[in-house]
Structures are given as structure tokens and as C-alpha cells.
Amino acid sequence: MYPMLQADGLRVRVAGPDDAAAMATVHLETIRVAYRGIFPPSSPTPHLEDITAEWREAIADGLNIALAAEEVETVVGTVLVRPDPEMPQCGQLRRLHVVPSRWGHGIGTRLHDEALERLRATGFHAAGLWVLEDNLRARGMYEQRGWTLVPGMVKRWPTLGATEVRYTLDLD
Ligand SMILES: CC(C)(COP(=O)(O)OP(=O)(O)OC[C@H]1O[C@@H](n2cnc3c(N)ncnc32)[C@H](O)[C@@H]1OP(=O)(O)O)[C@@H](O)C(=O)NCCC(=O)NCCS
């Protein structure tokens with residue numbers, strides 16, 4: 001149905017409109033575990049319907065490329081790339097999520113690498129991302145893969161009690 005990009009039990013493919021609900025389920029399941037201890041317990045819990053609507057919108061937006069990692073016809077990971085809205089000459093990597101039960105099996109790396117290939121193929125020479133300052137697992141992953149922290153560039157979310165930091169990567 002959609003182009004298959006790699007195959008050896010796990011396949012990474014371009015997501016279509018029918019994937020929005022599965023992508024949202026992965027998204028919610030992942031952040032519920034990964035962001036426990038980062039966001040205060042009082043912070044609002046996102047609803048599946050809202051996240052599904054956000055994914056549906058993102059998949060429909062022609063500027064975005066949404067990828068789904070699928071095992072046995074079940075979506076277990078997601079990633080989204082697009083032009084950075086604040087720096088359109090730079091590609092942006094977002095929503096890299098793998099269901100917690102499958103962490104540590106290389107799925108995040110496959111999605112990350114495929115996402116960067118998509119950005120290169122679109123003509124981008126640099127990529128950027130925002131990650132929660134306290135998300136040490138993801139930051140470790142990015143740093144091991146060559147991403148560089150941009151000193152002093154932060155986004156603060158006082159109502160959520162969280163701060164994001166920015167990383168960039170040369171794609172050439
Ligand atoms: C970050 C995330 C996508 C990694 O997915 P994954 O499928 O576990 O990734 P991989 O198995 O390919 O491992 C990638 C890296 O994650 C880190 N990692 C994997 N297992 C880990 C563990 N048990 N403890 C700490 N870090 C670990 C390592 O840096 C690893 O790189 P390495 O194999 O070169 O050491 C996943 O943990 C996740 O969904 N986290 C929550 C969402 C999130 O933080 N997304 C990023 C938002 S910007």
C-alpha cells in the first residue's frame with residue numbers, strides 16, 4: 001500500500017491517514033512511561049482523540065513526512081520530519097516514539113536514520129530538534145548519533161513545568 005523502506009521483521013514505511021489512531025496510541029503509551037518523572041503529576045494528561053486528530057492533521061500536511069515502524073502489522077514506533085517552522089532552511093525531526101515494551105531493540109535507531117535519509121532526500125543540509133532537558137535517554141541517543149546541543153537555546157513551558165533544549169545535526 002505504502003512504500004516499504006526496509007524489511008527484516010521490522011518495516012519502516014510512510015504512514016497514511018489510516019495510521020493516525022495507531023500512531024496516537026504509540027505516542028500516548030510512550031509519553032506516559034517516558035515522561036513520568038519529567039512532567040509534574042499535576043500536568044494535564046493528553047487525550048487519545050486529541051492526539052489522533054493531531055496525527056491525522058500532521059499526516060495530511062504535505063510538508064510533513066510521517067514514518068511508522070511496524071512489527072507483525074502493529075505500529076510500534078513513529079517519527080515525523082518537516083521543514084522547521086522557525087528555520088525553514090533546516091529540517092526538523094519530531095515525535096520519535098517507540099512503545100516502551102520494544103525499547104532497546106534498535107527500532108528508534110531505524111526510525112531516526114530513516115527520518116534523516118528522508119530529510120537529505122528532500123534537500124536539507126541541516127536538521128534540528130527539541131527535546132525535554134530531563135529526557136536523558138533520548139538526549140544520550142542523539143548525542144551518540146552526532147547531534148550537538150545548541151548552548152542557551154531553550155524553550156520553557158512553565159505551565160507544564162518543563163524545559164526543552166535544542167540540538168542540531170549537519171546532514172552532509
Ligand atoms: C528514545 C527512544 C525513541 C529510543 O528508542 P529505542 O527503540 O529504544 O532505540 P534503540 O534501541 O535504537 O536505542 C537507541 C539509543 O537509545 C538509548 N538507549 C537504548 N536503550 C537504553 C537503555 N536501556 N537505557 C538508556 N538508554 C538507552 C541509547 O542511547 C541507544 O543508543 P545505543 O544503542 O547506540 O547505545 C525511546 O526510548 C522512546 O520512545 N523514548 C520516549 C520518547 C522520546 O523520548 N522521544 C524523543 C523525543 S525528542
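No value in this document is a laboratory result; all are computed from the given coordinates. Worth saying up front: this structure is predicted, and the values here are computed from it rather than measured. Positions of Cβ are backbone-derived with ideal geometry, glycine not excepted, and every protein chain shown enters the neighbour counts.
For a quick check: sort Trp103, Trp147 by the number of other beta carbons within 10 angstrom, fewest at the front.
Trp103, Trp147
Each Lys and Arg contributes +1 and each Asp and Glu -1, all at the Cβ; summed about the Cα centre of segment 116-158, the dipole is approximately 80 debye. Ranked by the mean number of other Cβ atoms within 10 Å per residue, highest first, peptides 152-158, 16-22 order as 16-22, 152-158. Net charge dipole, segment 59-172: roughly 240 debye, given to the nearest 20, about the Cα centre with Cβ charges of +1 for Lys and Arg and -1 for Asp and Glu. Beta-bridge orientation, the chain: approximately 90 percent antiparallel, per DSSP, counting only bridges with both partners inside. Computed from backbone phi, the HN-Hα couplings of segment 73-86 come to 6, 10, 6, 10, x, 9, 7, 9, 10, 6, x, 5, x, 8 Hz, rounded to whole numbers (Karplus: 6.51 cos²θ - 1.76 cosθ + 1.60, θ = phi - 60°; Gly and Pro given as x). As a rough footprinting exposure proxy, the listed residues His105, His47 were ranked by other beta carbons within 10 Å of their own, and the order from fewest upward is His47, His105. Across the chain, Cα pairs under 8 Å and at least six residues apart give a relative contact order of 20 percent. Backbone amide hydrogens, once placed in the peptide plane, bring Glu133 within less than 5 Å of Thr163, Glu164, Val165, excluding anything fewer than 5 places away on its chain.
Think of it as helices only: each DSSP H run of n ≥ 4 in the chain is worth -39500 (n - 2.57), and spread over all residues that comes to -10000 deg cm²/dmol at 222 nm.
What is the dipole size for segment 1-118, taken about its Cα centre, with +1 at each Lys and Arg Cβ and -1 at each Asp and Glu Cβ, in debye to the nearest 20?
Working: 11 positive and 17 negative charges, 60 e Å.
Using only the charged Cβ atoms, the result is roughly 280 debye.
Sorted from greatest to least, the principal axis extents spanned by the alpha carbons of the chain come out as 43, 37, 30 Å. Fewest neighbouring Cβ atoms within 10 Å first, the residues Thr30, Thr168 line up as Thr168, Thr30.
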